[in-house]
1. Looking at residue 2, is it closer than 25 Å to residue 116 by Cβ, in a loop (DSSP other than H, G, I, E, B) and modelled with pLDDT under 90?
2. Is the stretch 23-46 home to any residue that is more than 26 Å from the chain's Cα centre (by Cα), modelled with pLDDT under 85 and surrounded by 11 or more Cβ atoms within 10 Å (Cβ to Cβ)?
3. Could you say whether any residue in the stretch 64-73 is at pLDDT below 95 and not in a helix (DSSP H, G or I)?
4. Can you spot a residue in the stretch 68-76 that is in contact (Cβ under 8 Å) with a residue 12 or more places away in the chain and farther than 16 Å from residue 51 by Cα?
5. Is it fair to say residue 58 is under 26 Å from residue 118 (Cβ atoms) and either at pLDDT below 95 or part of a helix (DSSP H, G or I) (or both)?
6. Checking residue 7 against (1) modelled with pLDDT under 95; (2) under 30 Å from residue 93 (Cβ atoms); (3) surrounded by fewer than 12 Cβ atoms within 10 Å (Cβ to Cβ), which test does it fail?
7. Here is a check on your reading of the model: is residue 104 closer than 30 Å to residue 33 by Cα, over 15 Å from the mean Cα position of the chain (by Cα) and modelled with pLDDT of 95 or more?
8. Out of the residues in the stretch 97-118 that are without any contact (Cβ under 8 Å) to a residue 12 or more places away in the chain and surrounded by 12 or more Cβ atoms within 10 Å (Cβ to Cβ), state the one that is farthest from residue 53 (Cα to Cα).
């Protein structure tokens, strides 16, 4: 039995004990990776939620400071406006990074689910 041919026989489609054991090990490793990935996704999504709120806050602050800079026409107001804009750009860049990381992790999770389904 098994998948080792003997003289005059063809390969059999039945798995050997080694095949079954390897599939079980691979299955457990894949499941472990899926669990870790799920935890990472939850963490990244929570962080993204916080960062989205920060982006909204900074957008409002930038808008207010830009108006203040236009009205007051002082160097200090201009500097505050530019500083707020830099903070906004930094937090927006971080938000974009998180979105990309989530997308990549979702693709990896899908691949692992496909692998587990085989």
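The values are calculated or read from the model by the stated rules, or taken from the named source; none is laboratory data. Note that the structure is a prediction, hence the values are computed from the model and not measured. FYI the Cβ positions are ideal-geometry reconstructions off the backbone, even for glycines, and counts take in every protein chain you see.
1. yes
2. yes
3. Residues of the stretch 64-73 that are at pLDDT below 95, as a first pass: 64-73.
Retained after the next criterion (residues that are not in a helix (DSSP H, G or I)): 73.
The answer is yes; a qualifying residue exists.
4. Of the residues in the stretch 68-76, the ones in contact (Cβ under 8 Å) with a residue 12 or more places away in the chain are 68-69.
Add one more test, that the residue is farther than 16 Å from residue 51 by Cα, and what stays is 68-69.
Checked against the condition, which is being in contact (Cβ under 8 Å) with a residue 12 or more places away in the chain and farther than 16 Å from residue 51 by Cα, the stretch 68-76 yields at least one hit.
5. Details: under 26 Å from residue 118 (Cβ atoms): no; either at pLDDT below 95 or part of a helix (DSSP H, G or I) (or both): yes.
Taking the combined requirement at face value, the residue does not satisfy it.
6. Result: residue 7 passes all but (2).
7. Values: closer than 30 Å to residue 33 by Cα: yes; over 15 Å from the mean Cα position of the chain (by Cα): no; modelled with pLDDT of 95 or more: yes.
For residue 104, the condition - closer than 30 Å to residue 33 by Cα, over 15 Å from the mean Cα position of the chain (by Cα) and modelled with pLDDT of 95 or more - is not met.
8. Our first condition is that a residue be without any contact (Cβ under 8 Å) to a residue 12 or more places away in the chain; within the stretch 97-118, this holds for 97, 100, 103-104, 107, 110-111, 114, 117-118.
Add one more test, that the residue is surrounded by 12 or more Cβ atoms within 10 Å (Cβ to Cβ), and what stays is 97, 111.
Details: 97: 15, 111: 31 Å.
Ranking the candidates gives 111 first.
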